[in-house]
Structure formats: C-alpha cells, structure tokens
Amino acid sequence: MNPQDLLYTKTHEWARVETSSAGEKIATVGITTFAYELLTDLVFVALPEVGRTAQAETPVGEIESVKAVSDFNSPVDGEVVEVNAEVPNNLDKLSQDPYGRWWFMKIKITDETCLKNLMDAAAYEKQCAEEHS
Amino acid sequence: MTTPIRHLLKTPLYDWHVAHGGRMVDFAGWAMPVQYASIIEEHNATRSAVGMTDISHMGRLRFEGPGAAVFLAELLTRRVADMALGQIRYSLVTNDQGGILDDVLVGYYHNEMGQPFYVLVVNASNRAMIVRWIHEHLSPERANRPREEIVFSDVSDLWAMFAIQGPRAKDLLQPFVDEDLESMKYYRGALVHIFHPAARRQGGIISRTGYTGEDGFELSLGAGIACGVWEALMEAGKSVGAVPTGLGARDTLRLEAGMPLYGHEISEQIDPFRAGLGSACYLTGYNFPGRDALLALEKQPQQLVRVGLEMLGRRVPRQGCGILKDGRSAGEVTSGSFSPTLKKPIAMGYVPPELAAPETKVEIDVRGTHEPARVVPLPFYSRKKTKK
C-alpha cells in the first residue's frame, strides 16, 4: 500500500515533505510500487547531481529497464541537496522498500506552491486503478 | 496513436495470457504478451530449463501440388528442390533489387497420404506483403500446366505455434509426441501424433528450430486444440522448471544469439551480404527475384557490415542510436538491450568494414551522451553443445 503521509505525482513519484531544524522544507523523493510494477527488470538508474536545480514535473534522472528507458520527474521546485548513492548498485532490491530505504534524492523546496499540484494517497490510488484497467 | 488491445488480432491463447498476467502489447497488429512477470527471469529460465512462447502470430503458408517445389525455388534465395523429407532451411525472400523482403523458414513434409507439401514460416509483420508477393508470382498459366499445379493456402489462422526452448525442452516434449526427439537433428521436422486427450487425436508438426540460441523445438498444431495442449504442456513443464515467456525475453534471447530481426538488422533497404546472410543465398540455381542483382552485389566491396557491440558502461543503446568513431558518425545501432546472460548492455549495428574487427573501440550516442563500446564477435552467447 502507498503510505498515507506522502504526496504523489501523476508520473508515479512520491515525496515526503519535512521541515529541517534550520526551518527549510525538504522533500525526500522516490518512485512508487506501481512504478516498479510497470517498469520491471531495472538495469540502470541515473540520479541527479547534488546541487542541481529541480523543477516540478520535469525530468531529473533516468531509469532504464530491459525494455525501455524512462525519465523520472521531480515532484517539487527546488535544489537537489542529497542523493541515495546506494540506489544504482541495488537495482534488484529497490522495489522491496520503495518508501523507506530506497529513496532517490532529497530536494530543498524553494517554492511551496508546487505542493498544491501533488495528490494524496487516495487520489493516487484512484489514478493507478484507472491506469491498470 | 496505439491501437486499443481489443481491436488487435488474438491468438488462440489470448485468454490464457491475460489470465496468467501477460502484459499484452501491440506486436504487428497482434495482441501479444511482452512478459508475464520479469523478462530477465523468463530469459534465464529459457537458458537453464524451458521457456514456452506463443508464436501463433507468425505467418504459416502451405504449398502443395507438383509445382510447389519449383515455385518456391523461384521465390526463395535458398534451394528447395533438393531438400530431404523433413528438412528445414533458413531462407530469404528478396525483391528485384536484392533487398530483403523477409527472412523465412521453409520446411518439406509429407502428409498422411504421402503427398508432399511445404510450409513457409514468415514474420507476422510481413505476412500480408509476402502473401501478395506470392500471388503476384503465381502466374495463372502455371495452374493450368499439368505437373505444375500449386495449391497455396495461408493457414496462419488455422494453426497455433509454440516455441518450446531450452535445455530441458526435449524432456518436456518427448512424452507428448511419437517422434524420437533425441535423434531429431537441428533444422529437421516431422508430422507427429500428440499423445494427450486435449489434442483430441489431432497431430501437429514439430521441428528442432528456434530463435533463442538454445536447443529447442517449435510445435504447430490446430488452433482448436492449442489452448488445451498448451495447458497440458505447462502442467507437465512444472517438473522441469518450464515458464511461459513473452516477446520481451524472445527478443533478448535472439539478440544474445546474434540472430537478425526483420525491421531491425534486416529490411528492404539492406541486402543479404551487408546483413552477413550471404550463406542464405544460392545464386547459381533458380532465377528468383533479385538473383541477378545479388550476383552483381556479391562482387562489390561492402560499405557496411553487421557487428556485435558491448557497452563498457551501463546505459543501454537502442535501435537508431548513432555509432561514432573519434566523435564522427560511423554507423547505427539496429537492436540493443541489457543482456541478462552477460549482465551488461549489448547491441547489434552496422559499421564500415574498417571498424568491424573485434576489440575496435567506438562510441554510441545514447540519448545525447557518447558512451564507450567495443566491437565483439557474434554471437554474444552460444550454448555448450552436448555430445551426440
């Protein structure tokens, strides 16, 4: 199941938005179980460079399966402050803990208005059910 | 625009695929499973045990009558008239310029009455065009000349076809058929009885052929009994580790085996010599379309040759990616994928002869970045042959 406390994009990324001790809004970002089910057979993930600017609904990295390559998007506007460097070396494990250990990147949000465009878990699950049928 | 799945052609196993998690995609107008779960697992099961693929979308064309052998000899690049009973040959169909219209298997059999017939297995994507090509070359006079009559029928929709591939394929299939599979040679086939109630006393054609680089068989049988026999094979296959495999694994398997795929390595714009298929052309016998063009092409130096490529990095080249040498455009990738056996990205493509030697360093333009690659001999994978 998709955690209730996360926000979701139409393109199957999730974001966990937290406030840091310095008062900054940080989004931890990954891709959803549904995305892993669609992709299968991952062979390559390219994470963004730390420090680069990220724009909501715009590609920040690549995820490649045996069949095809796809982009993954940033759910928010901001700056990439950290990436999970272990992700590219554990492709066969990612789908086992997509919302925990295998987050992709952390983004410092520069403009919170982008959060309005994200879905809650219920809306996201409705979209997945429609896509699946 | 993609065609909705419900408007696509369906094989007799369509409902089975859907019920077993097959991800149905449009392949040449057919709704076919690209995979059931994992392409890599389906691929590996074929290399280690058995993979079973529904290939009922392939075109099957049947030729009977005393004129059939000569007609096919005048259509195909390989000889036909000298084939032994049960023999199968890989051949090309070429246009008048020597471009490749299709790559096919031609098999020679006798029916229950002892009458000879030939079966041509053609690519699903080319079936309609090849049927038209055959009709264009079937002159009306031929049908009226005694001893030259031909009965041509497109039996694709009447017959299903399964590819049963892998080191345990023989063990799985043997109890189902009355032909000794151990002694059946590669590129041979036979009419068989199918020993299972689901076959309802119907037979089929089994051949030791395939598109995976493994030992294996292809079984043609009536569409009406296909699902029952498939389910019986699946049930029996549990003990040898058989799994259903989709077109995704079929593609990675044939790529590792260095086998060309129509629309990728071969097309109407590519002649057999460029594709490395000169051995499939017999130019001193019958005058098939394109023969004279091929006689001329044979003497010309090759401008491009088909090679295998192995990536040094992890990004996967795909069809259409440019091949570069020292930053300059030199060729193009025709197929590329991650190789589950070699665990690295591989590709086939065309390069000038001076870049075709193994270990030649090149770069491949993968979505804008130049990734290092090296030329390697084809095939990427060959199975360990067991002693006969």
Next on the checklist: Just checking, does segment B:124-133 include any residue being in contact with a helix residue (DSSP H, G or I) (Cβ under 7 Å, 6 or more places away or on another chain) and crowded, with 16+ Cβ neighbours inside 10 Å?
Outcome noted: no
Item to check | Filter result (within 14 Å of chain A (Cβ to nearest Cβ), surrounded by 17 or more Cβ atoms within 10 Å (Cβ to Cβ) and under 21 Å from B:GLY276 (Cβ atoms)) within segment B:325-362 | outcome: B:VAL333, B:SER335, B:GLY336, B:SER337, B:SER339, B:ILE346, B:ALA347
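Every residue, every condition in (1) in contact with a Lys or Arg (Cβ under 8 Å, 6 or more places away or on another chain); (2) part of a loop (DSSP other than H, G, I, E, B); (3) under 30 Å from B:ALA68 (Cα atoms), yes or no:
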| residue | (1), (2), (3) |
| --- | --- |
| B:ARG306 | yes, no, no |
| B:GLU310 | yes, no, no |
| B:GLY313 | no, yes, no |
| B:PRO345 | yes, no, no |
| B:GLU359 | yes, yes, no |
Item to check | Matching residues, segment B:34-70, being surrounded by fewer than 24 Cβ atoms within 10 Å (Cβ to Cβ) and touching a His at 6+ places or on another chain (Cβ under 8 Å) | outcome: B:TYR36
Checklist entry - Quick one: in segment B:30-66, which of the residues that are in contact with a Lys or Arg (Cβ under 6 Å, 6 or more places away or on another chain) and within 30 Å of B:ASN111 (Cα to Cα) is farthest from the other protein chains (Cβ to nearest Cβ)? => result B:PRO66
Next on the checklist: Residue under question is B:LEU105, and the condition is that it be more than 14 Å from chain A (Cβ to nearest Cβ), assigned to a strand (DSSP E or B), more than 30 Å from B:HIS193 (Cβ to Cβ) and at pLDDT 95 or above; does it hold?
Outcome noted: no
Checklist entry - Only one of B:SER335, B:SER339 is in contact (Cβ under 8 Å) with a residue 60 or more places away in the chain and touching a His at 6+ places or on another chain (Cβ under 6 Å); which? => result B:SER335
Item to check | Residue in segment B:79-93 that is closer than 30 Å to A:LEU91 by Cα and more than 14 Å from chain A (Cβ to nearest Cβ) present | outcome: no
Next on the checklist: So in segment A:65-85, with the set limited to residues that are surrounded by fewer than 16 Cβ atoms within 10 Å (Cβ to Cβ) and closer than 28 Å to B:ALA249 by Cα, which one is modelled with the lowest pLDDT?
Outcome noted: A:ALA68
Checklist outcome for this item: Across (1) surrounded by 20 or more Cβ atoms within 10 Å (Cβ to Cβ); (2) touching a Pro at 6+ places or on another chain (Cβ under 6 Å); (3) of a type outside the set (Val, Ile, Thr), A:LEU94 clears everything bar (2)
Checklist entry - Which ones in segment B:21-74 are of a type in the set (Gly, Ala, Ser), free of Cβ contacts under 8 Å to residues at least 60 places away in the same chain and either assigned by TED's automatic domain parsing to the domain that holds B:GLY228 or not in a helix (DSSP H, G or I) (or both)? => result B:GLY21, B:ALA31, B:ALA37, B:SER38
Item to check | Hits in segment B:153-205 - residues which are among the hydroxyl-bearing types (Ser, Thr, Tyr) and over 21 Å from the mean Cα position of the chain (by Cα) | outcome: B:SER183
Checklist entry - Can you name every residue in segment B:41-74 that is charged (D, E, K, R) and within 20 Å of the chain's Cα centre (by Cα)? => result B:GLU42, B:ARG47, B:ASP54, B:ARG60, B:ARG62
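The values are calculated or read from the model by the stated rules, or taken from the named source; none is laboratory data. Just so it is clear, the model here is predicted, and its values are computed rather than measured. We place every Cβ from the backbone using ideal geometry, glycine too, and count neighbours over all the protein chains shown.
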